[in-house]
Amino acid sequence: MSATARAAWLPLALIVLLAAWAALEQSPVQQPGTVVLRWVVNSQERDQVFARAARAAFEARHPGIRIQFIKTNEGSKVETMIAGGDAPDIVNVGMDRVHYYVRAGVLRDLAPFMTPQDRADLASFFPVCAAPFRRGDSVYALPWGCVPFILFYNRNLFDKYGVPYPTPDWTWEDYRRAARALTHDLDGDGITDEFGASFAQWQEGYYCWIYQNGGRVLTPDGRRATFDDPKVVEAVEFLRRLTREDRVIPTDVNRGRATGTGLFEANRMAMHGPTGSFYIPTYREYDRVDWDIASVPAGPSGRGTMVAPLAFGVSSQSRHPREAWLLVRFLSSSEGQQILADSGLFVPCRRDVALSDRFLKAPGPPRNKYALVAMMDDRDGRKPWGIVPPWSGDRWGDVNEEALNSRLQTFLFGVPKAGETTLEVCRAINRRANEILEEDRQARTGTPVNWSAVFAALGGILAVLVGAWAASAVRVARRSRRSRAEQAWGLLAISPWLAGFLVFSLGPLLFSLFLSLTRSSSLAPASMARFVGLDHYRWLLAGRDELFLKSLAATGKYVVLSVPLHLAAGLALALLMNARLRGINLFRTIYYLPAVMPAVASAVLFLWVFRQQGVLNYLLGGFGAIPPTRMPDWLGHPFWTIPAIVLMGLWGVGSGMMIYLAGLQNIPTQLYEAAEIDGAGPWARFRAVTLPMLSPVLFFNLVMGIIGAFQVFTSAFVLFRGGGGPDDSALFYSVYLYRKAFEQFQIGYGSALAWILFALILALTLVVFRSSAFWVYYESQRAEEVRGGERRNRTGRRETRRAQGAGRD
């Protein structure tokens, strides 16, 4: 066999093997003649149980259709797929997103697919579950499950202290009285060991209390928020008394980092609620806890609780809309709802399933399953008291997160601020909420964007830049035939890179600059984008975005603490590693390894290190001599969050060490020997020789450190699960930018944030560059200065001799 044949044999064999593998591994969904529907399913096992059973039943009914699961986090994955033009065929949408999805054209109207029987079947759903997904005669999704807010209670603790179980006529005062009786400090150390209650620390949990007190958070027309309504203030004040005065609810002050579910599992919490029924599959796994559920206690204005319905719709991007409709109809049918009921994932939305004995008397906990549907039961003239959470416009989710949740989380559960009152907090929530609603209304104003003109202008700018560069190259090439040939080959060699730079770097950069002048969303059609000029920049730079200012302050603190510490630590470590000792390369490798460790893995590791009961506090507390609860709460107190992330950054200081080490080993030893002969000690040699000779390396690390510190993201994002930490103390600029652009899909606003960050980093980098003339020492520059001085001296001597000769003449 010739050498050429031997060289060709291996690639051909690989191609044959890959083709055979593809043929053998072909799944049913890849086979021709079948319609494949894509369905994004949550990766948790409790969701998988329902999805697998539903798929098996549907495919048995429809042999020509196959369902392909995409297992991941539903919300962010689906919206990213929609934004990328690759949406799944069916979309699971909650009532909190349906308004936005409909306006953005994400969902198809199902009415054209529905028969008269399908329309009549809509009456089988509880009204509170079906209403959010209808707009007049249009139906954009069919409900398949709901999450009522209920009360879980620990029968073990109720029996232990002789407290009666919750009853259907329980009130707020009964709840508070029981919580007090069930809260105990068992060892007398001043730290609560058993808590009486906890409740959902997000919007639906707060809305339960507000609406039971007769409060409302929106005006009837839905245009303005009313979080400063006296009834709302009264409800929040009741919660403040529970957390701050009675101390019956775990907060950042009276507990460690344990969560409500963790305390419930450990038999250290008596009541958990109002909260979502989705905890039922989790609590069923708690063997040591005898638990049950009850309806939420009635407030001064009567009984009421939140019901969050979920529905399936057909994506407007689906290539098989009719088959997708069949799947949506099946999932919301009696058969599909019964599969949901058997899985225990969510509460069915159909009366015939939810109120059946098969559901209400199913084996296993909870005992009182009627509490899951009591608020929706409208049989025999009963008046339902389930309430759909309030919603107004596309930005109400931002109202919940940026105004309500962030403020109340700190006020009720964080470290209290001296003198802060409930009324002040509610007014602050209301002010921010109305700012967001006003922004949402303005998003519909502005000049429609002519995208054809935009792309034509962008192409023209790129063409002008390329033309100017080519003209410059041609002028250089005119010098000789050889230079023209070299220029031609050079252009040919860099043309792939140049094309990539124009298409994937410079083009998107200019396009993002234009996007920053628009109000646009990656979920909505391009036709909905509006040109608003410098509105985003005026809004941000005028300080009207409170979270922007917080993120800027948090990032500034991190830069001030992180950059000098990392510079000093890297230099100190490099000085230690510069010794000529046996095995020193091993130590250099050990110190460098953390720098190449994946950032997410490092953050997960430090999540355990910085726990209040973690390794760091154990060491600082004299190996456990000081109780962990009296040590710093690194991730739970606003004062410690940024220092914790700075300390975590020292884990990767080995990368800076290697750069310093290269600089140290390039310093001539003669300089140290000369300084030592002159009587210089170690400190004098470091100050007069090491630092000046190392100043270019210091300059490089300073510039790169500033750029990197302003873009800190991964550590905070993982440590606080995408949030900003307590009181948004770790809401770094890049985290806020990511939230706006890629979670809330406000691409125009996110682009403006990115350009402000770019300008800030550029300005600071220029300042450092301008200052380098005063403290950075370059040997080549010094040698050139010496040679220039010698030339000037020689010239001066010649001029002197010439003048002297002229004088003698």
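How many residues, within segment 320-361, are closer than 30 Å to residue 287 by Cα, part of a helix (DSSP H, G or I) and in contact (Cβ under 8 Å) with a residue 24 or more places away in the chain?
Total meeting the criteria: 7.
Checking residue 132 against (1) of a type outside the set (Val, Ile, Thr); (2) part of a helix (DSSP H, G or I); (3) in contact (Cβ under 8 Å) with a residue 12 or more places away in the chain; (4) assigned by TED's automatic domain parsing to the domain that holds residue 251: exactly one of these is not met. Which one?
All conditions pass for residue 132, except number (4).
Using the structure shown, decide if residue 87 is of a type in the set (Gly, Ala, Ser), part of a helix (DSSP H, G or I) and either within 28 Å of residue 284 (Cβ to Cβ) or in contact (Cβ under 8 Å) with a residue 12 or more places away in the chain (or both).
It is false that residue 87 is of a type in the set (Gly, Ala, Ser), part of a helix (DSSP H, G or I) and either within 28 Å of residue 284 (Cβ to Cβ) or in contact (Cβ under 8 Å) with a residue 12 or more places away in the chain (or both).
Going through segment 149-189 one residue at a time, which ones are within 14 Å of residue 291 (Cβ to Cβ) and outside any loop (DSSP other than H, G, I, E, B)?
Matches in segment 149-189: 150, 151, 152, 153, 154, 155, 156, 157, 158, 159, 160.
So, in segment 366-388, exactly how many residues are assigned to a loop (DSSP other than H, G, I, E, B), of a type outside the set (Gly, Ala, Ser) and modelled with pLDDT of 90 or more?
Result for segment 366-388: 7.
Filter segment 234-251 down to residues that are in a loop (DSSP other than H, G, I, E, B) and either polar (S, T, N, Q) or within 29 Å of the chain's Cα centre (by Cα) (or both) and give me whichever is modelled with the lowest pLDDT.
Residue satisfying both the conditions and the ranking: 251.
Is it the case that segment 516-526 has a residue that's farther than 30 Å from residue 316 by Cα and modelled with pLDDT of 80 or more?
Checked against the condition, which is being farther than 30 Å from residue 316 by Cα and modelled with pLDDT of 80 or more, segment 516-526 yields no hits at all.
Is it true that some residue in segment 102-122 is farther than 30 Å from residue 527 by Cβ, in contact with a Pro (Cβ under 8 Å, 6 or more places away or on another chain) and not in a loop (DSSP other than H, G, I, E, B)?
Within segment 102-122, none of the residues are farther than 30 Å from residue 527 by Cβ, in contact with a Pro (Cβ under 8 Å, 6 or more places away or on another chain) and not in a loop (DSSP other than H, G, I, E, B).
So is residue 314 more than 25 Å from residue 114 (Cα to Cα), part of a strand (DSSP E or B) and touching a residue at least 40 places away in the same chain (Cβ under 8 Å) or not?
No, not satisfied.
Starting from segment 216-233, take each residue that is in a strand (DSSP E or B) and list its partners that are of a type in the set (Ser, Thr, Tyr), counting only C-beta distances under 9 angstrom and pairs at least six apart or across chains.
The qualifying pairs are 218/226; 218/392; 225/219; 225/392.
Criterion first (hydrophobic (A, V, I, L, M, F, W, C), surrounded by 22 or more Cβ atoms within 10 Å (Cβ to Cβ) and either in the same structural domain as residue 241 (by TED's automatic domain parsing) or within 18 Å of residue 148 (Cα to Cα) (or both)) does residue 178 satisfy it?
Judged against the criteria, residue 178 is a match.
Looking at (1) at pLDDT below 85; (2) in contact with a helix residue (DSSP H, G or I) (Cβ under 8 Å, 6 or more places away or on another chain), which one does residue 627 not meet, given that it meets all the others?
The one condition residue 627 does not meet is (2).
Taking segment 279-303 as the search range and keeping residues that are in a strand (DSSP E or B) and more than 26 Å from residue 50 (Cα to Cα), which one is modelled with the lowest pLDDT?
Restricting to residues being in a strand (DSSP E or B) and more than 26 Å from residue 50 (Cα to Cα), the top hit is 302.
Kindly indicate the residue of segment 436-450 that is among the hydrophobic types (A, V, I, L, M, F, W, C) and at pLDDT 80 or above and also farthest from residue 499 (Cα to Cα) among those meeting that condition.
Restricting to residues being among the hydrophobic types (A, V, I, L, M, F, W, C) and at pLDDT 80 or above, the top hit is 437.
Identify all residues within segment 362-390 that are without any contact (Cβ under 8 Å) to a residue 40 or more places away in the chain and surrounded by fewer than 10 Cβ atoms within 10 Å (Cβ to Cβ); write none if there are none.
Those that are without any contact (Cβ under 8 Å) to a residue 40 or more places away in the chain and surrounded by fewer than 10 Cβ atoms within 10 Å (Cβ to Cβ): 363, 379, 380, 381, 383.
Okay, residues lined up against (1) over 25 Å from residue 775 (Cβ atoms); (2) under 21 Å from the mean Cα position of the chain (by Cα):
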residue: 641; (1), (2): yes, yes
residue: 659; (1), (2): no, no
residue: 710; (1), (2): no, yes
residue: 731; (1), (2): yes, yes
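Anything in segment 502-532 that is in a helix (DSSP H, G or I) and closer than 22 Å to residue 99 by Cα? List them, or say none.
Once the filter is applied, which keeps residues that are in a helix (DSSP H, G or I) and closer than 22 Å to residue 99 by Cα, segment 502-532 yields 526, 527, 528.
Limited to segment 703-733, what total is found for residues that are hydroxyl-bearing (Ser, Thr, Tyr) and without any contact (Cβ under 8 Å) to a residue 60 or more places away in the chain?
0
Please indicate, with yes or no, whether at least one residue in segment 454-464 is of a type outside the set (Val, Ile, Thr), farther than 30 Å from residue 525 by Cα, surrounded by 13 or more Cβ atoms within 10 Å (Cβ to Cβ) and modelled with pLDDT of 70 or more.
No, segment 454-464 contains no residue that is of a type outside the set (Val, Ile, Thr), farther than 30 Å from residue 525 by Cα, surrounded by 13 or more Cβ atoms within 10 Å (Cβ to Cβ) and modelled with pLDDT of 70 or more.
With a cut-off of at least 3 residues that are among the β-branched types (Val, Ile, Thr) and not assigned by TED's automatic domain parsing to the domain that holds residue 510, name the helices (runs of 4 or more DSSP H) lying wholly within segment 656-764.
Hits in segment 656-764: 691-710.
Would you confirm whether or not segment 410-418 contains a residue that is farther than 28 Å from residue 277 by Cβ, without any contact (Cβ under 8 Å) to a residue 40 or more places away in the chain and more than 23 Å from the chain's Cα centre (by Cα)?
Yes: segment 410-418 contains one or more residues that are farther than 28 Å from residue 277 by Cβ, without any contact (Cβ under 8 Å) to a residue 40 or more places away in the chain and more than 23 Å from the chain's Cα centre (by Cα).
Go through segment 109-134 and count every residue that is crowded, with 22+ Cβ neighbours inside 10 Å and touching a helix residue (DSSP H, G or I) at 6+ places or on another chain (Cβ under 8 Å).
5
Does segment 308-324 hold any residues that are of a type in the set (A, V, I, L, M, F, W, C), in contact with a Phe, Trp or Tyr (Cβ under 8 Å, 6 or more places away or on another chain) and over 30 Å from residue 200 (Cβ atoms), and which are they?
314
Of all helices (runs of 4 or more DSSP H) completely enclosed by segment 562-650, which ones contain at least 2 residues that are in the same structural domain as residue 732 (by TED's automatic domain parsing) and under 23 Å from residue 665 (Cβ atoms)?
584-596
Do you know which residues across segment 260-278 are assigned to a helix (DSSP H, G or I) and modelled with pLDDT of 90 or more?
277
Kindly establish whether residue 588 is charged (D, E, K, R), without any contact (Cβ under 8 Å) to a residue 60 or more places away in the chain and at negative phi.
no
Let's see how each residue does on (1) modelled with pLDDT of 90 or more; (2) hydrophobic (A, V, I, L, M, F, W, C); (3) part of a helix (DSSP H, G or I); (4) surrounded by fewer than 16 Cβ atoms within 10 Å (Cβ to Cβ):
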{"site": "54", "(1), (2), (3), (4)": "yes, yes, yes, no"}
{"site": "63", "(1), (2), (3), (4)": "yes, no, no, yes"}
{"site": "75", "(1), (2), (3), (4)": "no, no, yes, yes"}
{"site": "81", "(1), (2), (3), (4)": "no, yes, yes, no"}
{"site": "91", "(1), (2), (3), (4)": "yes, yes, no, no"}
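The values are calculated or read from the model by the stated rules, or taken from the named source; none is laboratory data. Bear in mind that the values here come from a model prediction, so they are computed numbers and not experimental data. Every residue, glycine among them, receives a Cβ derived from its backbone with ideal geometry; neighbour counts consider all protein chains shown.
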